[in-house]
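Quick notes on the structure that follows.
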Amino acid sequence: MNVSNWISGNGGDNRRGVSTEELRRHNLAAVLDRLHVSGPLSRSELTERTGLNRSTIGDLIGELEEVGMVEEGPAPSTSGPGRPSPVARVRPEGAVVLAVEVTVDSIGVKTIGLGGHVYNEQRLVRPRARFSPKETIEDIAKLSEPLLAALPDDHAMAGAGLAVAGLVRRSDGFVDLAPNLGWRNTPLGDMARAELGIDLIMMANEADMGALGEYRRGAGSRVGHLIYVAGEVGIGTGIIQNGVPMLGSAGYAGEAGHTMINPAGLPCRCGSIGCWETEAGEEALASKAGIPDGTHGQALLTVLIDRAEQSDSVTLEALGEIGRWLGLGVGNLINTFNPELVVIGGFYSDLYEYVEEGLRRGVMESSLEAPLGMAEIRRCELGVDAPLIGAAELVLSGVIADPAGFVARTNGGVAQSVQAGIDPDATPAVD
């Protein structure tokens, strides 16, 4: 996978006319990406996984050491004969991201370095009220300040990645609509840049970030065609086709939660009738389970799980029905996009054992036999952290695409994203 495609969404073949400098930048990205995702590797392992020769690998490791992103040292002792080969590993402080997730109920913040190293994290649970964008950015700044202050003195700040539950324009972080947050036409990217004092702010829909997190470091690390479905107040969907995010012209693609699934259904916050999230979202589940209004988020999950563990028939029936509605929508996605893997996240992940039977029943009802036979459905591996990890990966993709360029720009005081424009098939897929 070409990591720069996570910035541009471009999966085109650009091998013709590649200059020597572009080829070297591509090879540096291939080695750094492999170490970032797979962990410490010897030169021989890198040779095998990248297809580059051993002397080239040595030169590239030396260059990555010079820019402070990789270090090479002794391997763990082995019982075999001979001296073990040294291994290369990333230096997390070589590029650090402030990752942020904004949901209806909470704000999550992590500082994450190369290799997926988490330095610190905080989550602020907020009452379900309509917080303004200004209040939200101020809360993010307050949460972030101690995390940023605790980073190593020699860290290089790559930027901030924000995952937001809404329609987010990738180019500038403009939030066109976040119905469950009550926001419209909000220049959140500009607001975050001004409040946080970080030059590079990259934003995307939280489901797109969840898909990226699971693809790079979770359940989807061995597939090229993946759909991530997460439920909270609404339903978010992130789609990856052939290792490239399906974004649409502005980054608005994948809003499956607001596709009609029941023409006779309830009004949705977006203004339509019978959207998928009105049948399979949090409010629908609480209503069907007979749980009083005002119980939501983690409190709702706790009640549902407690009742389900006690075999409460009303609760189990509600979970089964919600699972079926979830499955009907997933089946439509399978028919449309022919994925290898559908990853189920959000509160569906916490309730997976109780919704799985209904989910699979709904999928069987709505899917065609051929694409269904190719699709695996699994619970997500990263849990609630998937969007945060994806937000970090989105920013780090620009660093990995041009590590030397990142260091040069950072030393000059401005970190900016880059697009390497190299063939996505040339960089090895994630192991």
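All of the numbers you see were taken from the coordinates with simple rules; none came from a lab. Since this is a predicted model, take the numbers as computed values, not measurements. Reconstructed Cβ throughout: ideal geometry from the backbone, glycine too, with neighbour counts over all protein chains shown.
Determine which residues of segment 206-237 fall in the zone a paramagnetic label at T259 would reach in this model, i.e. backbone nitrogen under 15 Å from the point 7 Å along Cα→Cβ. Only 226-230, 235-237 fall inside the zone, counting backbone N under 15 Å. Would any residue of segment 132-146 have its amide N under 11 Å from a label point 7 Å out along Cα→Cβ of A194? List them or say none. Output list for this probe position: 134. The ellipsoid that matches the Cα gyration tensor of segment 90-216 has semi-axes, each √(5λ) in whole angstrom, of 24, 15, 14, with the longest given first.
Across segment 321-331, rounded Karplus estimates of 3J(HN,Hα) from the backbone phi angles (6.51 cos²θ - 1.76 cosθ + 1.60, θ = phi - 60°) give 5, 5, x, 5, 4, 4, x, 4, x, 4, x Hz, Gly and Pro being marked x. Rounded to the nearest 500, the 222 nm mean residue ellipticity of the chain from helices alone is -13000 deg cm²/dmol, with -39,500 (n - 2.57) taken per DSSP H run of at least 4 residues. Semi-axes of the equivalent ellipsoid for the chain, computed as √(5λ) from the eigenvalues of its C-alpha gyration tensor and ordered from largest down, come to 38, 24, 20 Å. Taking 0.692 mPa s as the viscosity and 37 °C as the temperature, the Stokes-Einstein diffusion coefficient of segment 246-295 based on its alpha-carbon Kirkwood radius rounds to 274 µm²/s. A simple spin-label model places the labels of S249 and L266 3.4 nm from each other, with each point 7 Å out along Cα-to-Cβ. Computed extension length for E317-T20: 100.7 nm, one decimal, from 0.36 nm per residue of separation with the Cα-Cα distance subtracted. With both residues required to sit in segment 220-381, DSSP beta bridges show an antiparallel share near 50%.
Of all beta bridges that DSSP places with both ends in the chain, some 65 percent have antiparallel geometry. A Förster radius of 35 Å combined with the Cβ-Cβ distance from I273 to S171 puts the calculated FRET efficiency at roughly 0.65.
Once C-alpha pairs closer than 8 Å and six or more residues apart are averaged by separation and normalised to the residue number of segment 209-366, the relative contact order reads 24 percent.
Extension gain for A299-R128 works out to 60.4 nm (0.36 nm per residue, less the C-alpha to C-alpha distance). Computed over segment 220-381, the P(r) curve from all C-alpha pair distances, binned at 10 Å from the origin, holds 11, 41, 35, 12, 1 percent per bin.
Take every pair of alpha-carbon atoms less than 8 Å apart whose residues are at least six positions apart; their mean separation over the length of the chain yields a relative contact order of 21 percent. Separation of segment 301-330 and segment 116-184, taken as the distance between their Cα centroids, equals 31 angstrom. For segment 20-36, 3J(HN,Hα) computed residue by residue from phi via the Karplus equation (6.51, -1.76, 1.60; θ = phi - 60°) reads 4, 5, 5, 5, 5, 4, 5, 5, 4, 5, 4, 5, 5, 5, 5, 5, 4 Hz, glycine and proline entered as x. Springs join every pair of Cα atoms under 10 Å in this Gaussian network model of the chain, and among A370, A256, A289 the largest mean-square fluctuation is at A370. Working from the Cα coordinates of segment 158-306, the gyration tensor eigenvalues give, after taking √(5λ), semi-axes of 27, 19, 16 Å in decreasing order.
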